[in-house]
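K.L.:
Here it is, the structure in full.
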Amino acid sequence: MANTTVDGNPFPTAKTHISGIDVTSDTLTGRGGLALFSRYLRNIELYPHLERLFGPLRKSGKGLAVSALFHQILCFLADGTSRHLVYFDALKEDEGYARGIETEPEQMASSHAVKRFFRAFNWGRIWLFRRLLRQLFVWRLRLTQPEVIVLGLDTMVMNNDEAEARQGCQPTYKKVKGFQPLQLTWGPFVVDALFRGGKKNGNAGDVAGNMVEDVVRSIRRHYRADVPIILRTDSGFLDQKLFRQYEKLEIGFLCAGKLYDDIIEQARNRKPTTWSEYANAQQVWQWFEFWDRRKSWRKRDGWRALYLRPLYEDEQRLLAFARPDTVIYTNLGEAKPIDALLETAGHGHWTRPESLIELYHGRGADELVHRALKDFRDEQLPFKRFQSNAAFYYTVLVAFFLFEAFKRDVTETVVPITAQATRVRRQVIDFAAKIVRTAGQVILKVPEALWTRLRLVELWNRTADPPVFAWA
């Protein structure tokens with residue numbers, strides 16, 4: 001490469017110097033990729049369903065249609081530039097942003113309109129978000145046709161410790177004040193959730209069992225009645241009542257247990273020759289299998305259990321006192337209906353101890369969904385009223401679901417589907433574009449280098465014909 005510096009000065013001539021600044025009448029946007037997301041949302045035909053579910057929130061024909069308001073909010077969340085609703089006032093003055101999301105500038109909502117919208121939600125309308133999430137879940141099931149469905153159930157702490165007083169913002173087990181919704185996940189998607197105050201533990205009331213039951217019924221009714229379903233949970237859901245409910249639903253479960261004294265003593269007294277060993281590419285475990293019934297459980301209740309102790313951490317062998325031992329309870333391999341369903345689906349080997357260990361330790365991927373959700377949208381919620389925050393939280397879940405679907409349906413050829421929101425935004429959304437009108441059409445123009453690097457023709461064609469969302 002030729003040397004372009006003189007005496008260490010990278011600007012040896014004045015030819016490249018910027019000597020002034022001025023305004024332009026051109027319509028420009030710094031979020032050109034939002035046009036792809038906007039076009040995707042329009043072409044999956046989501047908005048008629050949003051209008052049907054939430055249209056009655058519109059009290060006057062003078063304001064924006066509910067579907068138009070949702071469109072702007074979903075694009076705002078996908079953009080992620082600001083977590084403050086007051087940012088809508090800045091967007092309202094940005095013609096380039098409006099044109100980029102296929103909206104007339106005079107139709108852009110102010111922050112006051114957005115706040116009034118979320119304050120208008122009552123609990124009846126808020127619960128409709130859960131129906132919508134389950135329908136979006138069925139949509140993706142029908143597209144991917146999984147042979148086995150593995151769900152994850154867990155709570156997610158939302159740290160609002162530094163926010164002003166919020167209804168339901170309570171101390172959590174993570175020593176911060178906030179909210180602790182219960183979330184059911186499938187792969188990268190949150191498929192159902194219950195927004196709750198921070199002091200609610202994972203298994204408070206009957207909500208966990210009811211949530212699982214509702215989702216299982218949706219799967220059996222709208223996808224396949226014979227698909228094997230397996231649920232993974234942590235020790236916060238160690239409850240024989242839940243286990244009985246899972247068996248009534250004919251689903252499998254893997255639940256972390258607690259290291260009670262009698263279980264630890266049983267492990268301590270076992271001869272070394274009675275332990276088995278299992279290894280994968282990352283870890284080596286020693287394990288033994290036993291049958292367990294806690295004293296507080298009914299006499300006829302008891303389940304298969306595995307006691308595990310890892311031998312390595314980051315390729316470092318662990319000493320006995322430093323091993324984080326684990327107990328797993330399951331109904332797989334107990335000649336229950338779920339075993340027959342797995343056998344028919346060609347996954348009968350999942351009932352073996354080695355497969356159970358591997359399957360349970362895949363639960364870390366379930367927790368990554370919560371991390372990805374927090375990367376998509378900050379944990380702090382904008383309202384003081386619990387009801388308004390609930391409506392906003394569910395809107396974020398819908399936006400997050402659609403963003404993950406957008407990655408798989410549109411951008412997977414240029415950004416890995418495992419990439420979190422920040423990376424997708426930097427690479428696919430945050431680019432400059434010029435918007436022009438010609439021959440009665442609106443055209444998005446970008447630099448040729450960007451056109452080639454992002455393969456924009458391919459992405460544009462994908463947004464033109466995405467899989468349509470249909471209510472089951």
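The values are calculated or read from the model by the stated rules, or taken from the named source; none is laboratory data. Here the structure is a predicted model, which means the values were calculated and not measured. Using ideal geometry, Cβ is built from the backbone for each residue, glycine included, and neighbour counts are taken over all protein chains shown.
K.L.:
Only one of His349, His370 is farther than 24 Å from Pro188 by Cα and in a helix (DSSP H, G or I); which?
P.N.:
Criteria check complete, one pass: His349.
K.L.:
Being over 20 Å from Phe383 (Cα atoms), polar (S, T, N, Q) and under 20 Å from the mean Cα position of the chain (by Cα), is that true of even one residue in region 105-126?
P.N.:
No, there is no match, as no residue in region 105-126 is over 20 Å from Phe383 (Cα atoms), polar (S, T, N, Q) and under 20 Å from the mean Cα position of the chain (by Cα).
K.L.:
Are there any pairs, at least 6 apart or on different chains, whose C-beta atoms fall under 6 Å, with the first in region 167-195 and part of a strand (DSSP E or B) and the second of a type in the set (Ser, Thr, Tyr), and if so, which?
P.N.:
From residues that are part of a strand (DSSP E or B), the pairs are Gly178/Thr172; Leu182/Thr155.
K.L.:
Mind listing whichever residues of region 237-251 are hydrophobic (A, V, I, L, M, F, W, C) and not in a helix (DSSP H, G or I)?
P.N.:
Of everything in region 237-251, those that are hydrophobic (A, V, I, L, M, F, W, C) and not in a helix (DSSP H, G or I) turn out to be Leu238, Leu249, Ile251.
K.L.:
Look at region 407-416 and say how many of its residues are of a type outside the set (A, V, I, L, M, F, W, C) and in contact (Cβ under 8 Å) with a residue 12 or more places away in the chain.
P.N.:
Total meeting the criteria: 4.
K.L.:
Taking region 252-275 only, how many residues are over 15 Å from Phe288 (Cβ atoms) and assigned to a loop (DSSP other than H, G, I, E, B)?
P.N.:
If we filter region 252-275 for residues that are over 15 Å from Phe288 (Cβ atoms), which is where we start, we get 252-256, 258, 260-261.
Filter once more, keeping what is assigned to a loop (DSSP other than H, G, I, E, B): 258, 260.
Adding up the residues that qualify gives 2.
K.L.:
Now, a different point. Name the single residue, out of those in region 117-152 being assigned to a helix (DSSP H, G or I) and among the charged types (D, E, K, R), that is surrounded by the most Cβ atoms within 10 Å (Cβ to Cβ).
P.N.:
Arg140
K.L.:
Could you give every pair whose Cβ atoms fall below 8 Å, whose first residue belongs to region 417-441 and is in the same structural domain as Ala35 (by TED's automatic domain parsing) and surrounded by 13 or more Cβ atoms within 10 Å (Cβ to Cβ), and whose second residue is small (Gly, Ala, Ser) and modelled with pLDDT under 90, counting only separations of at least 6 or pairs across chains?
P.N.:
Asp430/Gly30; Phe431/Gly30; Ala432/Gly30
K.L.:
Checking the structure you have, find out if any residue of region 175-194 is surrounded by 15 or more Cβ atoms within 10 Å (Cβ to Cβ), of a type outside the set (Ser, Thr, Tyr), at pLDDT below 95 and over 22 Å from Phe129 (Cβ atoms).
P.N.:
yes
K.L.:
List, please: which pairs have Cβ atoms under 8 Å, are six or more places apart or on different chains, and start with a residue in region 88-112 that is outside any loop (DSSP other than H, G, I, E, B) and end with one that is of a type in the set (Phe, Trp, Tyr) and surrounded by fewer than 17 Cβ atoms within 10 Å (Cβ to Cβ)?
P.N.:
Sorted first by the residue in region 88-112, then by its partner, the pairs are Ser111/Tyr87.
K.L.:
Going residue by residue through region 394-412, is there one that turns out to be out of contact with any Ser or Thr (no Cβ under 8 Å at 6 or more places or on another chain) and part of a loop (DSSP other than H, G, I, E, B)?
P.N.:
Yes, region 394-412 contains a residue that is out of contact with any Ser or Thr (no Cβ under 8 Å at 6 or more places or on another chain) and part of a loop (DSSP other than H, G, I, E, B).
K.L.:
Given (1) within 30 Å of Cys255 (Cβ to Cβ); (2) at pLDDT 95 or above, where does Ser111 come up short, assuming only one miss?
P.N.:
(1)
K.L.:
Report, by residue number, each residue of region 336-364 that is in contact (Cβ under 8 Å) with a residue 40 or more places away in the chain and among the small types (Gly, Ala, Ser).
P.N.:
Matches in region 336-364: Ala345, Gly346, Gly362.
K.L.:
Please pick out the residue among Lys174, Lys199 that is within 22 Å of the chain's Cα centre (by Cα) and among the charged types (D, E, K, R).
P.N.:
Every option except Lys174 fails the conditions.
K.L.:
Same structure again: How many of the residues in region 373-393 are part of a loop (DSSP other than H, G, I, E, B) and either of a type in the set (A, V, I, L, M, F, W, C) or under 20 Å from Gly33 (Cβ atoms) (or both)?
P.N.:
Selection size over region 373-393: 3.
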